[in-house]
Amino acid sequence: MDNKDIKILEAILFASGEPLDENDLKEKIKDKNNISKLLLEIKDFYKNRGINLIKTGNKWSFRTAEDLSDELTIFKTQKRKLSRAALETLSIIAYQQPITRSEIENIRGVQMGRGSLDHLMEIGWIRPSGRKSIPGKPTLWSTTDLFVEHFGLNSLSDLPNKEELKASGFLDKRAAIATISDLAKNDENLQGNDNLEQEDENNIDDFIQNT
Amino acid sequence: MDNKDIKILEAILFASGEPLDENDLKEKIKDKNNISKLLLEIKDFYKNRGINLIKTGNKWSFRTAEDLSDELTIFKTQKRKLSRAALETLSIIAYQQPITRSEIENIRGVQMGRGSLDHLMEIGWIRPSGRKSIPGKPTLWSTTDLFVEHFGLNSLSDLPNKEELKASGFLDKRAAIATISDLAKNDENLQGNDNLEQEDENNIDDFIQNT
Amino acid sequence: MLNVPDTEIKEGQFNLLLDNFEGPIDLLLVLARSQKVDLSDISISELADQYINFINEYRNIHIEIAADYLVMAAWLTYLKSRLLLPKEEKTDEYTADELEEALKYQLQRLEAFQNISKIIYSRSLVNRDVFYGGSSEGLKVKYNINYTSNLYDLLKSYSQILKSNEQVKQLTIEYSELYSVDQAVKRLKGIFGNITEWTNFLNVIPNLIKANKTINKSIISSNFVASLELSKNGFIDLKQDESFGNIYIKFNQNG
């Protein structure tokens, strides 16, 4: 291979250890107009190797190949376990963003446990993104770039089964029916929310195990 | 390429980021007797790329190609958290702007170190924004557009108010009586965030030194 | 694999804890799945029975049950009765069919998102399944400081300030004029010598201040508690001849 630009791109991507913006990469090479083509070429070269070149959003990075996850458990650093509630909340936000807290609650049919939103925000996967122009101006929640990167998505439009969900009408935010969700809400004051506090314990391992 | 062993070797050498002993690598693959041959195969595969496989002593590692080092400088970002004091100051300014230094000190209940505001100003997150018309005409401080951008807000009005902070779990009282599960949780948090705790004294001097 | 319910409920198996469910809709969904895999064919009336039975059985064993589960049971009972009635004339309210449809939709939508969340989490996640790596050795590196403090840190920090400012507020407890048991014990001990015969309890307590009912009540009850205490220790004897009758008190000279 004689293409110096490709060598440079590989070296930079390798050395940086984190995703790099395509525009920043462009600065480093001669054949700036062909940056996309060069990157795709590299991607193709590595596609069956132990290292892959991945694009998430507008950023590129080398990562270990997906099918090796069993062999690489030694590198596992993600210790945090997500509760089932947090995961459901995350996926609702991902598909319905921007969305308010009470819209999420309507879909889940349950008051949100304290900690769900702040926990997801702490991990860096969701962020407040404006306010809805309805009375009370509630905060709208969206996913972050980190979410896209972390879940290996090209972009949000890459979310699995999005079209299916849309076709089935499940991406409507309407409350299924006023009465059901109102019932759930009226009751907020009655119960001490005991069971909500401990939801963190229902961890994702249980969740996966049970399926 | 169908050789799973080669993929595993590549991924481990890549993910570890440091030279690995041939004997240790052997443990990870099936075809243990052929480890040397496999590594040489990989070395050959990468010999003209931007990344090379190098043997030093009995250890193997990927590194960027030597012939690039002269002309290539890469910029790495060193990640750093704000000190607790700076974060407190910043959050007070964000919520209560425009605000004077002594008002901030009143809220925090401590005198502020000299560099605190300067530091935040240097990062570009706060700016002086006029003077308060009281005796002494103290400087008023506000946040900048860069602040809004960095913290992923659309506008300042996106900042959740007290009620919303409460609803999202930020104001949960955990400290009063720690339960066993709280302790366990805190523990987990600590493990995940080692670097968060030790940040406090990263001051402006480090900042200058490292750039 | 993704369509299998998280928790299977077999008939008569009520040792499941409601804590395992994310609210009534989630429980309904699990019940519904045990009825049919395809939720669009589900019989809402049958499901309502199942749910109500489950909740009733559950209450027999676990006394505590979160209110929203009960509210849902009530709502389902209502829905069922509406479904059984002859078709109503169109009114402003939802018809029974509409309610049924809405509940089905709610169940299907939640199921869809529960499945999605599993699919999403089974993707290759950074630091769990795939890893960044590499080494900058051999290249010249310049460092930029990037402050990674994010919105979460900022909000957390502000919340800490809000919290600590709340805690600093002083709690002033008003001086109470209520008559304490200690006071009563002291006082009774002081007048022991005078109570050598059976005396009506009400005659032993201090004069009641007419103005304040609460204080008066406190005087009576603390003196009563005090005399119980003193009789337990053998200082005095107490007797009452009939239920709700007068209470008599006497100094126990042997005590």
Once amide H atoms are placed 1.01 Å from N in the peptide plane, what residues at a sequence separation of 5 or more from B:Leu140, or on another chain, have their amide H within under 5 Å of its amide H?
B:Ser129, B:Gly130, B:Arg131, B:Lys132
Cβ-based exposure ranking for C:Tyr179, C:Tyr121, in which fewest neighbours within 10 Å come first
C:Tyr121, C:Tyr179
Would you tell me the mean number of C-beta atoms belonging to other protein chains that fall within 10 Å of each C-beta in B:107-119, as a whole number?
1
HN-Hα J in Hz across the stretch C:241-250 - Karplus 6.51, -1.76, 1.60, θ = phi - 60°, x for Gly and Pro
7, 9, 4, 6, x, 5, 9, 10, 10, 8
Would you mind counting up the charge near C:Phe201? Only other residues with Cβ under 15 Å from its Cβ, with Lys and Arg at +1 and Asp and Glu at -1.
-1
What's the average, rounded to a whole number, of partner chain beta-carbon atoms within 10 Å of each residue's beta-carbon in B:61-72?
6
Fewest first, what order do B:Ile126, A:Ile12, C:Ile161 take by the number of other Cβ atoms within 10 Å?
C:Ile161, B:Ile126, A:Ile12
Principal axis box of the stretch A:61-103, alpha-carbon based, largest edge first, Å:
42, 23, 14
Which listed pairs, of B:Lys4/C:Lys118; A:Lys166/B:Lys166; A:Lys7/C:Lys118, have C-alpha distances above 31 Å, in listed order:
A:Lys166/B:Lys166; A:Lys7/C:Lys118
Over the stretch B:76-129, with a single point scatterer placed on each C-alpha, what log10 of the ratio I(q)/I(0) does the Debye formula yield at q = 0.18 1/Å?
-0.56
Once you put a point 7 Å from the Cα of C:Asn233 and another 7 Å from the Cα of B:Lys137, both along the Cβ direction, what distance in nm separates them?
7.4
Distances longer than 17 Å among the Cα atoms of the stretch B:1-82: what percent of all pairs is that?
51
What ranking of C:Val30, A:Val110, C:Val225, B:Val110 emerges when the number of other C-beta atoms within 10 Å of each C-beta is taken as an exposure proxy, fewest first?
B:Val110, C:Val225, C:Val30, A:Val110
What is the stretch A:118-179 by shape, rounded, prolate or oblate, if you read a ≥ b ≥ c off the alpha carbon gyration tensor as root eigenvalues and call it rounded for a/c under 1.5, prolate for a/b larger than b/c, and oblate otherwise?
oblate
Along its principal axes, what span do the Cα atoms of the stretch A:21-168 show, with the longest given first and each in whole Å?
55, 38, 31
By average C-beta atoms within 10 angstrom, highest first, the peptides B:66-72, A:4-10
A:4-10, B:66-72
From the backbone phi of the stretch C:130-140, what are the Karplus-calculated ³J(HN,Hα) couplings (6.51 cos²θ - 1.76 cosθ + 1.60, θ = phi - 60°) in whole Hz, Gly and Pro given as x?
10, 9, 7, x, x, 8, 8, 4, x, 10, 6
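All of the numbers you see were taken from the coordinates with simple rules; none came from a lab. Since the model is a prediction, treat every value here as computed from it, not as a measurement. Using ideal geometry, Cβ is built from the backbone for each residue, glycine included, and neighbour counts are taken over all protein chains shown.
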